[in-house]
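**Student:** One structure follows; several queries about it will come next.
The values are calculated or read from the model by the stated rules, or taken from the named source; none is laboratory data. Predicted model, so just to flag it, every value in this text is computed and none were measured. Here the Cβ positions follow ideal geometry from the backbone for every residue, glycine too, while neighbour counts run over all protein chains shown.
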Amino acid sequence: MNKSEILDSIRRIAAASNGKAPGSQRVATETGMRKSDWYPKLWVRWSDAVREAGLRPNSLTVAPSDEDLIKKHIILIRQLGRFPIESDLRLESNFRGISSLGRKRERATKVLEYCREHSGFDDVVSFCDGVITAKPSPREQSAAPSVRGLGYVYLIKHGNRAEYKIVEHSILSAVRERFVSNYQSDSSPFTL
């Protein structure tokens, strides 16, 4: 594709999208244009091509601040009359970036800290306390990192083919007996 064809494609796709400038991927999908058709010989940035087509480039989406997400959480808690679960948050379109606050228990802790620092949130505190003091679910327990301390990891060839086993210190004694005669270890300690 030449320069004028690319600019015409940008204008055509933008017109079909109520004047919103298309991204390079959308133009590529609709026209078969490759990045090598325009980069770097015609434009260094896609926004330069969009400007040359007479359009305003799209702005980058800015992640909401933690404080904004916490305030939205408080509003949702009051609407629901309970602390929201993940599916409640997915149904709300204005909860982009919610993962930055962590999982449910971490979100509850952050909301609780905010509520204690500011007045007028006594009704929300009880919901957060309930989440924080609840028994951890099996999912939370399995996700918790375990600290093992100092140990060794061995890479051992397994069988005739190029298959290998990674063996940790905790099961090493059983494996060491079978492989020690055929394998010399050059291992070094590490901390998990």
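**Student:** So, in segment 48-67, of the ones that are surrounded by fewer than 17 Cβ atoms within 10 Å (Cβ to Cβ), out of contact with any Ser or Thr (no Cβ under 9 Å at 6 or more places or on another chain) and modelled with pLDDT of 90 or more, which residue ends up farthest from PHE121 (Cα to Cα)?
**Tutor:** Among those that are surrounded by fewer than 17 Cβ atoms within 10 Å (Cβ to Cβ), out of contact with any Ser or Thr (no Cβ under 9 Å at 6 or more places or on another chain) and modelled with pLDDT of 90 or more, it is GLU52.
**Student:** Restrict the check to segment 7-17 and report whether at least one residue is not in a helix (DSSP H, G or I) and not assigned by TED's automatic domain parsing to the domain that holds ALA134. Break it down into steps so the answer makes sense when it comes.
**Tutor:** Residues of segment 7-17 that are not in a helix (DSSP H, G or I), as a first pass: 17.
From what is left, the residues that are not assigned by TED's automatic domain parsing to the domain that holds ALA134 are 17.
Scanning segment 7-17, I find at least one residue that is not in a helix (DSSP H, G or I) and not assigned by TED's automatic domain parsing to the domain that holds ALA134, so the answer is yes.
**Student:** Regarding PHE95, is this residue modelled with pLDDT under 90, surrounded by 12 or more Cβ atoms within 10 Å (Cβ to Cβ) and part of a loop (DSSP other than H, G, I, E, B)?
**Tutor:** Numbers: modelled with pLDDT under 90: yes; surrounded by 12 or more Cβ atoms within 10 Å (Cβ to Cβ): yes; part of a loop (DSSP other than H, G, I, E, B): yes.
So PHE95 fits the description; yes.
**Student:** OK, next. Kindly provide the set of residues from segment 98-118 that are of a type in the set (A, V, I, L, M, F, W, C) and under 18 Å from the mean Cα position of the chain (by Cα), ordered by number.
**Tutor:** So in segment 98-118, the residues of a type in the set (A, V, I, L, M, F, W, C) come out as 98, 101, 108, 111-112, 115.
Hits for segment 98-118 are ILE98, LEU101.
**Student:** Moving to a separate point now. Step by step: first the residues of segment 18-29, then only those that are outside any loop (DSSP other than H, G, I, E, B) and touching a helix residue (DSSP H, G or I) at 6+ places or on another chain (Cβ under 6 Å), then the one that is nearest to SER59 (Cα to Cα). Which residue is that? If you could, list the steps in order and put the result at the bottom.
**Tutor:** Residues of segment 18-29 that are outside any loop (DSSP other than H, G, I, E, B), as a first pass: 24-29.
The next check asks that each one be touching a helix residue (DSSP H, G or I) at 6+ places or on another chain (Cβ under 6 Å); those that pass are 24, 27.
Numbers: SER24: 14, VAL27: 17 Å.
Top of the filtered list is SER24.
**Student:** Out of ALA49, ALA53, report the one residue that is touching a Lys or Arg at 6+ places or on another chain (Cβ under 6 Å) and closer than 30 Å to LEU7 by Cβ.
**Tutor:** ALA53
**Student:** Only one of LEU42, LEU91, LEU55, LEU60 is touching a residue at least 40 places away in the same chain (Cβ under 8 Å) and out of contact with any Phe, Trp or Tyr (no Cβ under 8 Å at 6 or more places or on another chain); which? Steps first, please.
**Tutor:** Values: LEU42 fails: touching a residue at least 40 places away in the same chain (Cβ under 8 Å); LEU91 fails: touching a residue at least 40 places away in the same chain (Cβ under 8 Å); LEU60 fails: touching a residue at least 40 places away in the same chain (Cβ under 8 Å).
None of the other options fit; the residue is LEU55.
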